[in-house]
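Structure first, then comments.
The values are calculated or read from the model by the stated rules, or taken from the named source; none is laboratory data. From a predicted model like this one, the values you see are computed outputs, not experimental measurements. As a convention, Cβ positions derive from the backbone with ideal geometry for all residues, glycine included, and neighbour counts pool all protein chains shown. Only protein heavy atoms, including side chains, enter the accessible area calculation; ligands, DNA and RNA are left aside. Shrake-Rupley method; radii C 1.70, N 1.55, O 1.52, S 1.80 Å.
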Amino acid sequence: MILNHLFGLYTHPKEEWHTIDVRHESYFYSLSHIAIIALIPSLMSYYSSAHLGWSIGVGDIIKLTESSALMMSLGMYFGLVVGVIALAILINELAKAFDATPTFTQSLELAAYTATPLFMVGFAAFYPTLWFVMAVGLVGLSYSVYLLYSGTPILMHIPEEKGFIYASSVVTCGLVLLAILMASSIILWSMGMGPVYTI
């Protein structure tokens, strides 16, 4: 069943990583997990931008037109899916430097399940106030990093000391990847694909 590791990752993460390592579901299973989880921030960003409106502290509520919110949400969805797959590729390539020999499916599992708490932050958009979403986002990011550090030695079958350095390298690559995605968004906005606000 898709998403059947979700509860375990929150209640007993290390044991759940061992379960994931023993099972090693198919490549399609991990892709399905990413495809479903990435819907949460995408759908919530559409709903909050087009219907609820965002509050950034002072001033009026900011809303987008429905068509603009839809385009932004679709872009976010594909960006998130591609971002996780790119992270899996980086995880797989970095493995050679740490004497690990994971399959691409193992790397995709690590990337997919590590990203899950960060994607779940999308539910915070039910209360689209900037400080609240940022606070919840920080918690989600922290837990994603914890999952990465706890899951890397288990899924990659390497000692914890090497796993720590490996995970730190993945975090660094992830930040570079995030910067690339943000730069791509700015380029697209400058080409006329930016948000359209309601009056």
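The residue that is farthest from P128 (Cα to Cα), counting only those in region 37-66 that are in contact with a helix residue (DSSP H, G or I) (Cβ under 8 Å, 6 or more places away or on another chain) and modelled with pLDDT under 80, is G57.
Within region 74-114, restricting attention to residues that are touching a Gly at 6+ places or on another chain (Cβ under 8 Å) and either open to solvent by less than 20 Å² (accessible area, probe 1.4 Å) or of a type in the set (D, E, K, R) (or both), the residue that is nearest to G8 (Cα to Cα) is Y113. The set of residues in region 12-46 being under 19 Å from the mean Cα position of the chain (by Cα) and open to solvent by 60 Å² or more (accessible area, probe 1.4 Å) consists of Y27, F28, I36, L39, L43. The test for being surrounded by 14 or more Cβ atoms within 10 Å (Cβ to Cβ) and without any contact (Cβ under 8 Å) to a residue 60 or more places away in the chain does not hold for G151. Criterion applied to D60, D99 was being at positive phi and more than 12 Å from the chain's Cα centre (by Cα), and the one residue passing it is D99. Among the residues of region 160-191, those identified as open to solvent by 70 Å² or more (accessible area, probe 1.4 Å) and either over 18 Å from the mean Cα position of the chain (by Cα) or not aliphatic (A, V, I, L, M) (or both) are E160, E161, K162, F164, I165, T172, I186, I187, L188, W189, S190, M191.
Within the option set I89, I165, I85, I154, being in a helix (DSSP H, G or I), touching a Lys or Arg at 6+ places or on another chain (Cβ under 9 Å) and among the hydrophobic types (A, V, I, L, M, F, W, C) holds for one residue only, I154.
Among residues that are over 29 Å from M72 (Cα atoms) and either under 22 Å from the mean Cα position of the chain (by Cα) or surrounded by 12 or more Cβ atoms within 10 Å (Cβ to Cβ) (or both), M156 is included. Taking region 50-69 as the range and being open to solvent by less than 20 Å² (accessible area, probe 1.4 Å) and either closer than 16 Å to F119 by Cα or part of a helix (DSSP H, G or I) (or both) as the test, the residues that pass are A50, S68, A69.
Within the bounds of region 116-124, is there any residue that is in a helix (DSSP H, G or I) and either farther than 18 Å from A38 by Cα or open to solvent by 60 Å² or more (accessible area, probe 1.4 Å) (or both)? Yes, there is a match, as at least one residue in region 116-124 is in a helix (DSSP H, G or I) and either farther than 18 Å from A38 by Cα or open to solvent by 60 Å² or more (accessible area, probe 1.4 Å) (or both). Look at region 74-89: where a residue is farther than 27 Å from Y166 by Cα, no partner that is crowded, with 19+ Cβ neighbours inside 10 Å and of a type in the set (K, R) sits 6+ places away or on another chain with Cβ atoms under 7 Å.
Residues in region 102-124 that are under 11 Å from the mean Cα position of the chain (by Cα) and either of a type outside the set (F, W, Y) or over 15 Å from S150 (Cα atoms) (or both): how many?
Narrowing region 102-124 to residues under 11 Å from the mean Cα position of the chain (by Cα): 111-122.
Pick out the ones that are also either of a type outside the set (F, W, Y) or over 15 Å from S150 (Cα atoms) (or both) and you get 111-112, 114-122.
So the answer is 11.
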